[in-house]
Amino acid sequence: MISLLPLPQSVSFSDGLFVLRAGMAVEACTELERVATWLTTAVGRAGVPLTPVSAGEESRANRAVGVRLTVAEDLPAEAYRLDVDANGIGISGGDEAGVFYGAQALLQLLPERVFRSAAVADVESMSVPFSQIRDEPRFGWRGVLLDVARHFMPKHDLLRFIDLMAMHRLNLLHLHLTDDQGWRVEIVSRPRLTEIGGWRVESQVGPPPHSPANGRPHGGFYTQDDIREIVAYARQRFIEIVPEIDIPGHSRAAIAAYPELGIGVGDDASATPAPAVATTWGVHAEVLNLEDSTVQFFRDVFTEIMDLFPSAYIGLGGDECPTDLWREDARTQELMRARGIATEDGAREWFVEQIAEHIIARGRRPYGWDELLEGTPPPGTVVASWRGMRGALAGVRRGYDVVACPDDKAYLDYRQSDDPDEPIPFGALLSLRDTYSFEPIPADATPEEARRVLGGQANLWTEHMDSPRTVDYYAYPRLCAIAEVLWSRRRATFEAFSARLDDHLRRLDALGVEYRRPTGPLPWQRRPEVEGQPLTAEQHAEHVAALVSGIAV
Ligand code: TNX
């Protein structure tokens with residue numbers, strides 16, 4: 001039996017094999033040309049060259065049709081049907097994306113060598129068991145956050161990351177592009193953001209505050225053409241990229257580049273030197289000031305971002321914004337009085353609102369962290385619940401659409417086991433089993449409230465992932481579990497999931513993914529020199545409860 005992952009709504013196999021041979025046609029209507037080309041390329045490079053042909057085209061007459069791709073009016077968006085019998089392989093989808101997901105499922109029915117980049121056997125055919133699959137996703141927001149700010153991911157590796165997402169039918173990449181430790185996207189009108197903000201002199205190795213630094217510069221950024229390329233590449237794989245520019249906290253890289261955005265930096269006697277791009281992790285005190293010019297600066301930044309990213313959602317952060325500098329700064333207090341802002345928390349809400357309104361005015365939806373619910377974000381704002389599920393419940397009750405990414409189920413920077421060899425143990429224990437128990441709908445939500453849960457996402461914060469190889473280790477196989485939770489309309493037992501995963505890992509092997517082995521880290525995946533800072537479940541729960549107490553449910 002073949003293991004499919006994510007688990008389809010229904011699947012049945014029957015006796016018999018269809019043999020897909022070199023030279024066979026992949027027949028598709030014009031609307032499905034992109035998917036036909038994608039499938040032909042995937043199977044072709046693994047050694048079975050197929051030929052895409054238009055449905056009804058003459059040239060089809062002299063070719064056996066191996067695969068037929070069609071759009072089916074009776075299926076909803078993203079749903080597909082896959083039928084394999086003696087006549088060949090038929091994939092129909094409710095839309096182009098549905099057909100693409102059917103094609104992804106087909107690859108899993110083929111021998112795992114289809115996931116290699118070139119032929120490894122002198123056989124120009126692959127056999128497919130007779131089968132029937134009916135499938136449709138549970139959620140429309142099947143996301144992953146990738147933090148390219150803490151550690152930059154080179155473009156080539158990001159494209160590979162997108163391919164792996166598509167294989168798991170994840171459809172939304174939340175790109176965390178800016179933070180205290182780096183600014184990773186070119187902004188043409190403000191070049192210093194990447195010239196200065198795009199690199200730091202060294203990095204902390206291990207959890208803050210006490211881990212040592214490595215003395216090694218780190219940097220990198222995507223040019224606007226890189227971004228256009230990445231967005232188009234993702235779109236071909238039915239993945240929407242949602243950019244995030246984090247304001248008004250997590251802004252030290254921007255302030256390092258343009259000190260006039262910060263607090264207490266000026267030419268009077270009280271001026272302090274501009275901060276450098278942060279070299280340590282954790283929450284930093286530097287925040288944006290409340291000047292009109294600073295708001296305008298970020299309106300301009302978001303305008304360029306919205307021109308680059310066609311996404312319906314635009315991330316503005318809003319998380320972890322310390323208010324001490326605002327409280328202590330006379331000019332900020334003066335601005336607060338002038339703007340009728342009573343408290344420093346109100347100052348954060350005010351700043352977020354200036355940018356949120358700018359996003360809404362351009363027909364997009366603001367997207368930010370659950371700290372936004374400590375205030376009242378504009379209607380239409382989408383809230384990501386990260387400090388457990390409290391933000392998700394509070395959000396839906398107040399009429400907001402939410403995305404679930406509770407840290408205790410979906411933070412893939414947390415340690416995968418209690419094994420003393422686990423690299424840089426950090427946060428609570430988040431095993432594969434834990435990720436598979438992730439449930440995006442808050443337990444107490446009514447059916448109407450549940451409809452406001454757009455879906456969920458895993459978050460890959462990269463403080464402790466200094467290379468794409470390490471991202472592989474933290475992401476896989478836990479991301480396989482989360483992908484299944486977000487896609488599948490039925491939940492298997494963890495044991496049944498694990499059994500399918502064993503087969504699925506052979507696919508990841510063929511692709512060269514350096515996932516965490518079920519037996520633990522390989523010797524070179526360990527970091528014995530870094531102490532880490534594991535928390536027990538109790539310590540972690542206490543920590544989160546204190547953080548999230550500002551949100552009323
Ligand atoms: C909290 S989640 C953060 C990130 C860190 C992460 C580490 C969120 C909105 N903020 O800045 O990288 O914890 O686990």
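Identify the residue in segment 394-428 that is β-branched (Val, Ile, Thr) and within 19 Å of Asp319 (Cβ to Cβ) and, among all such residues, is farthest from the ligand (Cβ to nearest atom). This residue is Val402. Looking at Leu50, Leu82, just one residue is within 23 Å of Asp15 (Cα to Cα) and hydrophobic (A, V, I, L, M, F, W, C), and that residue is Leu82. Test each condition in (1) β-branched (Val, Ile, Thr); (2) within 30 Å of Pro209 (Cβ to Cβ); (3) out of contact with any strand residue (DSSP E or B) (no Cβ under 7 Å at 6 or more places or on another chain) for Thr493 and report the one that comes out false. Result: Thr493 passes all but (2). Being within 16 Å of the ligand (Cβ to nearest atom) and in a helix (DSSP H, G or I) is the filter; apply it to segment 360-393 and report the residue that is surrounded by the fewest Cβ atoms within 10 Å (Cβ to Cβ). Out of the qualifying residues, it is Glu374.
Residues are listed down the side, and each one gets a yes or a no for (1) in contact with a strand residue (DSSP E or B) (Cβ under 6 Å, 6 or more places away or on another chain); (2) among the β-branched types (Val, Ile, Thr); (3) farther than 21 Å from Ser467 by Cα:
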| residue | (1), (2), (3) |
| --- | --- |
| Val485 | no, yes, yes |
| Ser498 | no, no, yes |
| Ala510 | no, no, no |
| Arg516 | no, no, no |
| Pro521 | no, no, no |
| Trp524 | no, no, no |
| Glu531 | no, no, no |
| Pro534 | no, no, yes |
| Glu538 | no, no, yes |
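Has segment 227-250 got at least one residue that is within 20 Å of Arg469 (Cα to Cα) and part of a loop (DSSP other than H, G, I, E, B)? Within segment 227-250, none of the residues are within 20 Å of Arg469 (Cα to Cα) and part of a loop (DSSP other than H, G, I, E, B).
Applying the condition of being part of a loop (DSSP other than H, G, I, E, B) and hydrophobic (A, V, I, L, M, F, W, C) to segment 202-222 and asking which residue is farthest from the chain's Cα centre (by Cα) yields Val205. Considering the conditions (1) at pLDDT 95 or above; (2) surrounded by fewer than 18 Cβ atoms within 10 Å (Cβ to Cβ), Asp122 is excluded by exactly one of them, (1). Looking only at residues of segment 95-119 that are without any contact (Cβ under 8 Å) to a residue 60 or more places away in the chain and buried (at least 20 other Cβ atoms within 10 Å of the Cβ), we find that the one that is farthest from the chain's Cα centre (by Cα) is Gly102. Scanning segment 418-469 for residues that are surrounded by fewer than 16 Cβ atoms within 10 Å (Cβ to Cβ) and touching a strand residue (DSSP E or B) at 6+ places or on another chain (Cβ under 7 Å) gives Asp419, Asp421.
The values are calculated or read from the model by the stated rules, or taken from the named source; none is laboratory data. Predicted, not measured: the structure shown is a model, and the values here were computed from it. Cβ coordinates were reconstructed from backbone atoms using ideal geometry, including for glycine residues, and neighbour counts include every protein chain displayed.
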